[in-house]
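In what follows, a single structure is set out as structure tokens and then discussed.
The values are calculated or read from the model by the stated rules, or taken from the named source; none is laboratory data. None of these values were measured; they are calculated from a predicted model. In this analysis, Cβ positions are derived from the backbone assuming ideal geometry, glycine residues included, and neighbour counts consider all displayed protein chains.
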Amino acid sequence: MFEYKKIAVIGCSGGGKTTFSKKLAEITGIPLYHLDNIYWQPDTSHLKRPFFVKKQKEIMKTDSWIIDGNYGGTMKYRIKKCELLYFFDIPTEVCLEGVLKRDRKRDDIACELEPNDE
């Protein structure tokens, strides 16, 4: 059994955070929350900061979570509450390659889904 129940995953875009987080959630059974999905709304607007902070705090009050994403303005809350922090310290060139390879709409961000994909 996995001993940690509150996990934060941070690092540069394109560095593999989401891929890693999905696999970790699959292996551990811990609920996964992508900050991009919380921040970005289906109409491409975003949550205002107070609501974004509130949503993260609600998640962090639960018994277990994996939170994937950066958002520096709210990172202090996640770092303070997590039991385990994965920091993806990946070279810039590798992250850029990851972003370019991903040259597609992301199916894990609501605002990038086509209306009939929801």
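Output the residues belonging to region 58-99 that are part of a helix (DSSP H, G or I), closer than 11 Å to Ile10 by Cα and touching a residue at least 24 places away in the same chain (Cβ under 8 Å). Passing the criteria: Met75, Arg78, Ile79.
Condition check for Tyr39 on (1) at pLDDT 90 or above; (2) of a type outside the set (D, E, K, R); (3) in contact with a Cys (Cβ under 8 Å, 6 or more places away or on another chain); (4) farther than 27 Å from Phe2 by Cα: one failure, at (3). Within the span defined as region 80-95, one or more residues are touching a helix residue (DSSP H, G or I) at 6+ places or on another chain (Cβ under 8 Å), modelled with pLDDT of 90 or more and not hydrophobic (A, V, I, L, M, F, W, C). The set of residues in region 3-27 that are touching a Cys at 6+ places or on another chain (Cβ under 9 Å), outside any loop (DSSP other than H, G, I, E, B) and crowded, with 19+ Cβ neighbours inside 10 Å comprises Lys6, Ile7, Ala8.
Would region 46-65 turn up any residue that is loosely packed, with under 12 Cβ neighbours inside 10 Å, polar (S, T, N, Q) and over 19 Å from Gly29 (Cβ atoms)? No: zero hits. Would you check if Ile30 is touching a residue at least 24 places away in the same chain (Cβ under 8 Å), within 11 Å of Ile7 (Cβ to Cβ) and assigned to a loop (DSSP other than H, G, I, E, B)? For Ile30, the condition - touching a residue at least 24 places away in the same chain (Cβ under 8 Å), within 11 Å of Ile7 (Cβ to Cβ) and assigned to a loop (DSSP other than H, G, I, E, B) - is met.
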